[in-house]
């Protein structure tokens, strides 16, 4: 290998070049090794090496940060180039790129910016220098999936989706409103799967860009949508373990596929399954029994400190769904019913026991006498003492 020529190319092109011999030894043709993904990331070199072994032409890899890396097979090993950028990376974007390859320093060197034809020519020039031959432009483009024309747009006819072109930090492009997102969550909670899918698909048209990489954008869109909908399903009454099982299954499907149509298809299937479960649960005759079972729990545990989460867990429901279901069935909230039961038992003790007001308050589950008096008056329209004085049997007083 002509090392002097490679050194010259490295200086002229201002891009890192690394040679890996057949025994795994690395030779760098630049100075700052600590900030080179090609040196620091074994996984990146493996991707480049495996891609290059599958074809005769140089292999070009585009990562999730829109940085290009190239691999050229030689007679005794591989020559790696990069990163080469089509758009400038700066600030947080630059830090994220370096961090993704395990590089963490206080300051990072800026990356050179090239046009796509320049990147293509650089790879060809280096390949010609190393192997005394180069791939044809069209072969390099097709095999490595490089878009040579800056005006070329990705088209996915299977997906009814529009990706807005926008500059970094440009928020002028329309995004779906918070109200639209809330409408989707409400459709899930109420068990309306068809409406939920329709709302999700409408929002796809107006979603903000989640990644500069189109496929990564779609994948993020699908995964985030499934995660949000699973939380809404839990609020709607779906047991958390069931929601996590459904969402986990479809998130794995989305993560594994590189087919754009399948990503949103899996998202829609997850929505249908989550909302469909809620609908079936609401239509079940046993749904109205949840409130009665909630009452039964309260009657058994009124003397203890009762949390809505504990009741919901005992019924296999989410606290939000249980609260909404109970209010719909009974006309009062769960906490009011708890207080009503406590006041009922306190009333009996006021009339038929010799316990003090503070003892009665603690016995029926109130934290202190003051709060007991406030809640008691809310239900009985008088204080505990006034109630006791008015209704306590004279016969019971005589027995004292």
How much length would be gained if the chain were fully extended between residue 385 and residue 296, taking 0.36 nm per residue of separation minus their Cα-Cα distance, in nm to one decimal? 29.1 nm
Please give the peptides 382-390, 13-21, 257-265 ranked by average Cβ packing (other Cβ atoms within 10 Å per residue), highest first, as a rough proxy for protection. 13-21, 257-265, 382-390
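A short reminder: the numbers here are calculations on the coordinates, not readings from a lab. On a predicted model such as this, the values are computed, not experimentally measured, just so you know. Glycine also receives a Cβ, built like all others from the backbone with ideal geometry; neighbour counts cover every protein chain displayed.
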